[in-house]
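Enquirer: My questions all concern the structure below.
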Amino acid sequence: MKKANQSYWIKERHNSQLGVYYVACVQLSKTAAKKKEKTLYGYNYMLEFATETEYEAKLAELRKDGQSIQ
């Protein structure tokens with residue numbers, strides 16, 4: 001069941017030592033997602049998806065491309 005005012009999110013994490021990897025964050029409010037963009041080292045982009053179908057399709061695409069997903 002979708003929670004009110006919450007989208008599906010994937011964090012794109014950029015770390016100079018580990019490179020780029022992704023973290024599946026599932027459903028978050030925009031406020032919570034923005035907090036996850038802040039980091040002490042490297043930087044993050046939060047990718048927003050309106051539906052679970054779009055979210056799952058992006059995760060499948062990233063896996064197909066050989067990207068690391070946590």
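Enquirer: If I ask for residues that are within 10 Å of the chain's Cα centre (by Cα) and assigned to a helix (DSSP H, G or I), which ones from the stretch 13-36 would you list?
Expert: Result: 33, 36.
Enquirer: What are the pairs with Cβ atoms under 7 angstrom where one residue, in the stretch 22-38, is small (Gly, Ala, Ser) and the other, located anywhere, is modelled with pLDDT of 90 or more and buried (at least 16 other Cβ atoms within 10 Å of the Cβ)? Sequence gap at least six, or different chains.
Expert: What qualifies is 24/10; 24/59; 33/9; 33/46.
Enquirer: Which count do you get for residues in the stretch 53-70 that are in a loop (DSSP other than H, G, I, E, B) and either touching a Phe, Trp or Tyr at 6+ places or on another chain (Cβ under 9 Å) or in contact (Cβ under 8 Å) with a residue 12 or more places away in the chain (or both)?
Expert: Adding up the residues that qualify gives 3.
Enquirer: Here is a check on your reading of the model: is residue 39 polar (S, T, N, Q), assigned to a loop (DSSP other than H, G, I, E, B) and under 26 Å from residue 5 (Cβ atoms)?
Expert: On the way: polar (S, T, N, Q): yes; assigned to a loop (DSSP other than H, G, I, E, B): yes; under 26 Å from residue 5 (Cβ atoms): yes.
Answer is yes for this residue.
Enquirer: Return the pair list, or none, for Cβ contacts closer than 9 Å from residues in the stretch 1-21 that are under 16 Å from residue 53 (Cβ atoms) to residues that are modelled with pLDDT of 95 or more and of a type in the set (Lys, Arg), at least 6 apart or on different chains.
Expert: Listed pairs, sorted by first residue: 8/58; 10/58.
The values are calculated or read from the model by the stated rules, or taken from the named source; none is laboratory data. None of the values given here were measured: they were computed from a predicted structure. Cβ sites come from the backbone with ideal geometry, for glycine too, and all protein chains shown count toward neighbours.
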